[in-house]
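Have a look at the structure below before the remarks.
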Amino acid sequence: MRRIISLLLENESGALSRVAGLFSARGYNIESLTVAPTEDPTLSRMTIVTRGSDSIIEQITKQLNKLVDVVKLIDLTEGQHIERELMLVKVVAHGNDEREEVKRLVDIFRGRIIDVTDSTYTLEMTGNGDKVDAFILALGQVEIIEVVRSGISGIGRGKRALKV
Amino acid sequence: MQLTGADIVVRCLQDEGIEYIFGYPGGAALHIYDALYKQDKVKHILVRHEQGATHMADGYARATGKAGVVLVTSGPGVTNTVTGIATAYMDSVPMVVLTAQVPSHLIGDDAFQEVDTVGITRPCVKHNFLVGDVNKLAETMKKAFYIAESGRPGPVVVDIPKDVTAKVAEYHYPEVVDMRSYQPRTRGHIKQISRGLDLLVQAKRPVVYTGGGVVLGDGSAPLRKVVSKLGFPSTSTLMGLGAIPHDDPNFLGMLGMHGTYEANMAMHQCDVMFAIGARFDDRVTGELSKFAPDARIIQIDIDPSSIGKNVPVEVPIVGDCGQVLEQMLEQLDARLGEIDRTVVGEWWAQVDKWRAVKSLDYQPSKDKIVPQLVVERLMQITDGEAFVSSDVGQHQMWAAQYYGFSKPRRWINSGGLGTMGFGLPAAMGIQLAYPDDTVICISGDASIQMCLQELSTCLQYELPVKIINLNNQYMGMVRQWQEFFYDRRYSHSYMDALPDFVKLSESYGHVGIRVEDPADLDEALNRAFSMKDRLVFVDVITDPTVNVYPMIAAGKGHNEMHLQPDQEEHQERELA
């Protein structure tokens with residue numbers, strides 16, 4: 001099952017490699033991983049998307065908690081949550097028809113065109129993983145030059161929060 | 001008080017009450033070595049190879065419960081410690097390894113003797129630090145000891161660049177540390193303990209299965225009380241031996257791949273299993289799908305990730321084994337009446353039938369020395385009171401099977417990582433901690449050669465360790481597996497061209513004794529142990545064909561043990 005694990009860890013050098021090393025050493029799957037400092041600069045917030053049976057997810061959370069740098073974690077998928085991913089896509093956009101078609105798609109998906117040249121558009125798209133995937137499919141015949149995805153960031157709904 | 005980083009390191013060790021550190025100097029460590037030279041509170045043991053330093057610190061830590069301390073230089077000094085750090089990590093041994101690093105401005109430059117120490121040790125430490133600021137050095141040292149010794153113990157590496165050891169800072173050694181990200185829980189949840197007792201008192205076929213966590217958590221005394229009050233069959237892993245005395249009537253001996261028949265059969269057929277500080281290692285469980293099919297399991301462990309990792313657990317109890325068992329004792333008397341002694345008595349009758357098989361009986365010999373006999377004689381000569389370290393292989397299993405341990409922290413071996421070369425340096429660390437006690441290193445002709453250079457250290461510090469080398473000219477356990485599973489193709493397991501161990505010991509300034517005839521064994525051992533102040537290397541030439549029994553082969557369950565060949569024939573006749 002797909003799970004989103006969100007953790008707060010000490011913003012120290014090496015903390016990221018401890019987490020990444022744990023996943024590779026124990027053979028856990030990592031679908032995406034994002035990390036950045038929080039409003040408290042001594043803490044980083046990390047979102048990991050992983051897959052595994054219940055027992056594997058239990059081990060993953062226990063092993064993460066065991067890392068000395070990890071302050072706290074929650075499995076966002078255990079409750080109501082919101083997830084978002086940012087994607088930047090550069091596509092070939094020649095001629096009016098093609099440029100119109102891309103613009104229409106971007107509007108439908110509520111994305112934005114953030115950079116324009118005479119032969120390319122760079123698009124910005126935000127949404128959950130499914131929406132971002134769907135947008136790539138929808139581009140269809142449009143030639144993609146490159147895709148950059150941020151990986152999932154997640155947050156609990158309502159009062160549910162991961163705080164020290 | 002203003003001190004240099006090097007002086008701060010040494011002052012921290014003094015303030016931590018460290019008696020010995022084990023190390024080897026080198027360029028990046030020279031400031032620290034200079035600071036050591038100027039004082040005599042912390043005694044430095046100069047090893048011959050950094051791996052030896054880690055195993056000595058490890059042996060010291062296992063015997064005393066206090067963190068062992070290692071000091072090495074950068075680069076190869078560090079890489080040589082990795083085996084020892086991983087050994088300590090796998091067996092949860094508290095250790096602080098101070099590694100010197102090239103100066104900060106050279107880090108990442110491929111400088112002389114530079115290695116990414118925190119990177120290379122990360123997967124085999126509990127935690128590690130790179131100290132970038134001399135003002136944080138003392139605090140980091142305190143954290144290192146706190147992390148190493150608290151919770152589930154383990155090795156901690158502190159990497160200190162040379163320039164940090166030269167810079168000056170105000171010295172203050174914190175008395176306590178409070179880390180928001182690290183707060184191990186030691187007391188068990190009272191409701192979980194009651195739930196565990198609910199299961200225990202209803203058990204019809206109970207078994208108590210204890211491990212190294214009982215030794216590490218100083219839980220031997222409450223464990224003995226709990227087991228004696230419950231009156232349940234009890235077994236121990238390799239790492240837990242000594243927590244319950246070997247001759248306790250409730251004790252069935254060691255379990256697992258080379259455990260006793262009664263211990264493994266009791267595990268297989270139990271309905272309630274009480275696991276205490278044991279982690280269901282593959283050498284214990286055998287094939288997981290066949291493991292204890294009817295068991296409802298209660299598990300105490302200080303590390304939540306050890307609970308339910310390999311086997312589903314019905315009642316998890318997170319906490320220090322010693323503390324949880326003490327908490328359990330507070331409730332136990334009131335619950336003992338609920339145990340159906342008749343039903344448990346029937347279970348005991350079954351267990352005693354398995355016991356009657358006497359799975360540790362072995363074939364004596366008049367011509368050749370049988371290794372099991374050597375261990376039995378060692379136990380008799382030392383009244384079972386010695387500290388025993390071992391290396392890894394057949395001799396390790398025989399030591400575990402035939403030296404009956406009555407106290408915790410007396411049996412010291414590399415169980416998790418299985419590190420050959422561990423035995424001698426570990427014995428040295430133990431001997432330093434307990435200078436008046438008898439320390440035996442039971443080894444083999446292959447293992448002993450892996451850290452043999454430390455014989456020189458033994459001379460320098462007058463460590464009268466007794467090395468019993470069970471010399472069968474093979475890597476015995478490899479040979480055994482090749483005999484059983486590779487159609488006797490003994491690929492590279494024969495130790496051709498062994499040194500003359502007697503002369504070798506003598507060249508290091510020690511006493512060497514060789515014994516080949518079974519008739520001479522007792523005299524040789526008595527002579528060795530009569531030399532209280534000398535290291536004696538007893539090279540015992542043993543029968544190379546002897547195998548370790550009983551044995552559970554890979555992929556088999558606890559009920560599919562191989563007994564000694566003659567016992568198997570006997571059993572087959574009985575069944576027929």
A:Glu85, sole failed condition from (1) closer than 30 Å to A:Leu9 by Cβ; (2) over 22 Å from the mean Cα position of the chain (by Cα); (3) not hydrophobic (A, V, I, L, M, F, W, C): (2)
Residue check, B:Gly345 within 20 Å of B:Phe232 (Cβ to Cβ) and touching a helix residue (DSSP H, G or I) at 6+ places or on another chain (Cβ under 8 Å): no
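Where in the stretch B:19-83 are the strands (runs of 3 or more DSSP E), entirely inside, with at least 1 residues that are under 16 Å from B:Val157 (Cβ atoms) and at pLDDT 95 or above? Walk me through it before giving the result.
Numbers: elements: B:20-24, B:43-46, B:68-72.
It comes to B:20-24, B:68-72.
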Whichever residue in the stretch A:95-115 is in contact with a helix residue (DSSP H, G or I) (Cβ under 9 Å, 6 or more places away or on another chain) and either in a helix (DSSP H, G or I) or of a type in the set (A, V, I, L, M) (or both) and, among such residues, is surrounded by the fewest Cβ atoms within 10 Å (Cβ to Cβ): A:Ile108
Residue satisfying all of: in the stretch B:155-202; among the aromatic types (Phe, Trp, Tyr) and more than 22 Å from A:Val164 (Cβ to Cβ); surrounded by the most Cβ atoms within 10 Å (Cβ to Cβ) among these: B:Tyr171
Evaluation of A:Val92 against (1) touching a strand residue (DSSP E or B) at 6+ places or on another chain (Cβ under 8 Å); (2) more than 14 Å from chain B (Cβ to nearest Cβ); (3) within 28 Å of B:Met179 (Cβ to Cβ); (4) exposed (fewer than 15 other Cβ atoms within 10 Å of the Cβ) (one fails), failing number: (3)
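When the stretch B:158-170 is examined, which residues are found to be aliphatic (A, V, I, L, M) and away from every other protein chain (no Cβ under 14 Å)? Talk me through it step by step, then tell me what you get.
Just the residues of the stretch B:158-170 that are aliphatic (A, V, I, L, M), to begin with: B:158, B:160, B:164, B:166, B:168-169.
Of everything in the stretch B:158-170, those that are aliphatic (A, V, I, L, M) and away from every other protein chain (no Cβ under 14 Å) turn out to be B:Ile160, B:Val164, B:Ala166, B:Val168, B:Ala169.
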Matching option when the condition is more than 14 Å from chain A (Cβ to nearest Cβ) and touching a residue at least 60 places away in the same chain (Cβ under 8 Å), among B:Glu326, B:Glu330: B:Glu326
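Just to be sure, is A:Ile30 farther than 24 Å from B:Val131 by Cβ and in contact with a Leu (Cβ under 9 Å, 6 or more places away or on another chain)? Quick ask: steps written out before the conclusion?
On the way: farther than 24 Å from B:Val131 by Cβ: yes; in contact with a Leu (Cβ under 9 Å, 6 or more places away or on another chain): no.
No, not satisfied.
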Positions within the stretch B:125-154 being surrounded by 21 or more Cβ atoms within 10 Å (Cβ to Cβ), more than 12 Å from chain A (Cβ to nearest Cβ) and under 16 Å from B:Glu16 (Cα atoms), in sequence order: B:Leu137, B:Ala138, B:Met141, B:Phe145
The stretch A:44-103, subset among the acidic types (Asp, Glu) and in contact (Cβ under 8 Å) with a residue 60 or more places away in the chain, residue farthest from A:Leu33 (Cα to Cα): A:Asp69
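Which of the residues spanning the stretch A:25-34 are within 14 Å of chain B (Cβ to nearest Cβ) and under 19 Å from the mean Cα position of the chain (by Cα)? Break it down stepwise before answering.
Taking the stretch A:25-34 first, the residues within 14 Å of chain B (Cβ to nearest Cβ) are A:25-28.
Answer for the stretch A:25-34, where residues must be within 14 Å of chain B (Cβ to nearest Cβ) and under 19 Å from the mean Cα position of the chain (by Cα): just A:Tyr28.
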Single condition B:Ser181 does not satisfy, out of (1) away from chain A (no Cβ under 14 Å); (2) within 30 Å of B:Leu13 (Cβ to Cβ); (3) hydroxyl-bearing (Ser, Thr, Tyr); (4) in contact with a strand residue (DSSP E or B) (Cβ under 8 Å, 6 or more places away or on another chain): (1)
Flag for B:Tyr173 being within 14 Å of chain A (Cβ to nearest Cβ), at pLDDT 95 or above and out of contact with any strand residue (DSSP E or B) (no Cβ under 6 Å at 6 or more places or on another chain): no
Considering residues of the stretch B:184-216 that are small (Gly, Ala, Ser) and in contact with a strand residue (DSSP E or B) (Cβ under 8 Å, 6 or more places away or on another chain) only, the residue farthest from B:Gly415 (Cα to Cα): B:Ala203
Number of positions in the stretch B:359-381 that are farther than 19 Å from B:Asn469 by Cα and hydrophobic (A, V, I, L, M, F, W, C): 1
Tally, over the stretch B:182-199, of residues that are farther than 17 Å from B:Gly219 by Cβ and among the polar types (S, T, N, Q): 2
Helices (runs of 4 or more DSSP H) (entirely within the stretch B:501-576) containing at least 1 residues that are β-branched (Val, Ile, Thr): B:501-507
Close pairs (8 angstrom Cβ cut-off, 6 or more residues apart or separate chains): surrounded by 16 or more Cβ atoms within 10 Å (Cβ to Cβ) and part of a loop (DSSP other than H, G, I, E, B) in the stretch A:146-164, basic (Lys, Arg) and modelled with pLDDT of 95 or more anywhere: A:Ile152/A:Arg84; A:Leu162/A:Arg45; A:Leu162/A:Lys72
Matching residues, the stretch A:35-66, being more than 13 Å from every other protein chain (Cβ to nearest Cβ) and surrounded by fewer than 18 Cβ atoms within 10 Å (Cβ to Cβ): A:Ala36, A:Pro37, A:Thr38, A:Glu39, A:Pro41, A:Arg51, A:Gly52
Single condition B:His258 does not satisfy, out of (1) within 24 Å of B:Gln202 (Cα to Cα); (2) assigned to a loop (DSSP other than H, G, I, E, B): (1)
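For (1) under 22 Å from B:Ala427 (Cβ atoms); (2) touching a strand residue (DSSP E or B) at 6+ places or on another chain (Cβ under 8 Å); (3) small (Gly, Ala, Ser), each residue gets a yes or a no:
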site: B:Asp496; (1), (2), (3): no, no, no
site: B:Asp517; (1), (2), (3): no, yes, no
site: B:Ala524; (1), (2), (3): yes, yes, yes
site: B:Arg527; (1), (2), (3): yes, yes, no
site: B:Ser530; (1), (2), (3): yes, no, yes
site: B:Arg534; (1), (2), (3): yes, yes, no
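Check the stretch A:120-141 and report whether any residue there is out of contact with any Asp or Glu (no Cβ under 6 Å at 6 or more places or on another chain) and within 14 Å of chain B (Cβ to nearest Cβ).
The answer is no, given that none of the residues of the stretch A:120-141 is out of contact with any Asp or Glu (no Cβ under 6 Å at 6 or more places or on another chain) and within 14 Å of chain B (Cβ to nearest Cβ).
For B:Lys66, state whether it is of a type outside the set (S, T, N, Q) and either without any contact (Cβ under 8 Å) to a residue 12 or more places away in the chain or closer than 24 Å to B:Val177 by Cβ (or both). Let's see the steps before the verdict.
Values: of a type outside the set (S, T, N, Q): yes; either without any contact (Cβ under 8 Å) to a residue 12 or more places away in the chain or closer than 24 Å to B:Val177 by Cβ (or both): yes.
For B:Lys66, the condition - of a type outside the set (S, T, N, Q) and either without any contact (Cβ under 8 Å) to a residue 12 or more places away in the chain or closer than 24 Å to B:Val177 by Cβ (or both) - is met.
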Any hit, the stretch A:68-84, residues being within 11 Å of another protein chain (Cβ to nearest Cβ) and surrounded by fewer than 18 Cβ atoms within 10 Å (Cβ to Cβ): yes
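If you go through the stretch B:107-118 one residue at a time, do you hit one that is β-branched (Val, Ile, Thr), more than 14 Å from chain A (Cβ to nearest Cβ) and surrounded by 23 or more Cβ atoms within 10 Å (Cβ to Cβ)?
Taking the stretch B:107-118 first, the residues β-branched (Val, Ile, Thr) are B:107, B:115, B:117-118.
Filter again for more than 14 Å from chain A (Cβ to nearest Cβ), leaving B:115.
Still in the list and also surrounded by 23 or more Cβ atoms within 10 Å (Cβ to Cβ): none.
No: zero hits.
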Residue ID - nearest to the other protein chains (Cβ to nearest Cβ), chosen from residues in the stretch A:1-24 that are more than 15 Å from the chain's Cα centre (by Cα) and part of a strand (DSSP E or B): A:Glu10
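The values are calculated or read from the model by the stated rules, or taken from the named source; none is laboratory data. Predicted, not measured: the structure shown is a model, and the values here were computed from it. Cβ coordinates were reconstructed from backbone atoms using ideal geometry, including for glycine residues, and neighbour counts include every protein chain displayed.
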